[in-house]
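Right, one structure below, let's go through it.
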Amino acid sequence: MAAHLKLVPKIDEQELMFVNVVDKKMKLGVLCRSLDFKFTTSFVGKLNGHKQFMLSYPVNCDIFSLKEKIKSIKDKESLLATIMLQGEILGISFKVLELTSEGILCEYPENIYQINRRSSRRHKIESQKVSSTYLEIFVARISPVPIILPLNDISIHGLSFKVPLFLKTFFDKGQIFPKAQVVFNGKRMTLSCEVRNMLANAETKYPFRVGVKFLDITPLQQTEIQRFITSKPA
């Protein structure tokens, strides 16, 4: 199912917002779906007649390799990007025009999305994906190896996981797992998670559900999660 996104119908209505993030040279995470190609960069700070903008080359980037990847993007596919903006996420889609001596020249965004923290929808994990979508955490007082817990749902801001009865007392509100491993869609992502709540769950095997929020998640990581949420079932 589609994520809860607010699509701005006319880019002109969001012109000031976009100009602001460009002027401040803000960071963004960029993703090309067809190539599974991603990188983190920032705006150069230039808008050309509000029709084009420039991105910096990624740090420690092989320019020749980047050029080949961009050339191979299918049918001038639009790239997706997310930007952190005052506690909220701004999402954009755009096309690359060319690589220049100053950076990556791009067309003005085709779409601008506002993803609000309070309204970002959690994606329920389908039953057939539960075994391959889970959280790994390390709790020394329980086990010398990471504990695997199935996910109940996930969003770009947090997730909830299922907990068996014997683990109920090992989770406290405000508890932080600095290097939790979230596994989904064949990918493994290291995230810092803070426990926010524990709720009863109507399941015999997992009678409780713990909700956590992500701490210091990067725009690129949020893009990956958003991609998983909006992907169509296989």
Can you list, largest first and rounded to whole Å, the semi-axes you get for the chain by taking the square root of 5 times each eigenvalue of its Cα gyration tensor?
-> 37, 18, 16
Rounded to whole Hz, the Karplus (6.51, -1.76, 1.60) HN-Hα couplings of region 188-193, x for glycine and proline | 10, 10, 8, 9, 8, 10
Relative to the longest principal axis of the C-alpha atoms of the chain, give the angle of the C-alpha long axis of helix 219-230, reported between 0 and 90° and rounded to the nearest 10°.
-> 70
Take the eigenvalues of the Cα gyration tensor for region 127-201, scale each by 5, and report the square roots as semi-axes in whole Å, largest first.
-> 18, 14, 13
Give me the net charge of Lys162's neighbourhood, meaning all other residues with Cβ under 11 Å from the Cβ of Lys162; Lys, Arg count +1, Asp, Glu -1.
-> 0
Find the relative contact order for the chain and round it to a whole percent, using C-alpha pairs within less than 8 Å whose residues are 6+ positions apart.
-> 18
Between Thr204 and Ser127, 0.36 nm times their residue separation minus their Cα-Cα distance comes to what?
-> 26.2 nm
Accessible solvent surface per residue of the chain, calculated while the other protein chains remain in place, 1.4 angstrom probe, Å² | 55
Going down the list Lys24/Lys179; Lys27/Lys51; Lys46/Lys187, which pairs span over 23 Å between their C-alpha atoms?
-> Lys24/Lys179; Lys46/Lys187
Per DSSP H run of n ≥ 4, the term is -39500 (n - 2.57); total these for the chain, divide by its residue number, and report the mean residue ellipticity at 222 nm rounded to 500 deg cm²/dmol.
-> -4000 deg cm²/dmol
Determine the share of the chain's accessible area contributed by carbon and sulfur atoms, expressed in whole percent, with a 1.4 angstrom probe.
-> 53
Farthest toward positive dipole pole in region 105-216 [+1 Lys/Arg, -1 Asp/Glu at C-beta], among His157, Asn185, Ser131 = Ser131
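The values are calculated or read from the model by the stated rules, or taken from the named source; none is laboratory data. Note that the coordinates shown come from a computational prediction; the quantities given were computed from them, not determined experimentally. Methodologically, a virtual Cβ is constructed for each residue, glycine included, from the backbone with ideal geometry; neighbour enumeration extends over all protein chains shown. Surface accessibility is based on the protein's heavy atoms, side chains included, excluding ligands, DNA and RNA. Shrake-Rupley method; radii C 1.70, N 1.55, O 1.52, S 1.80 Å.
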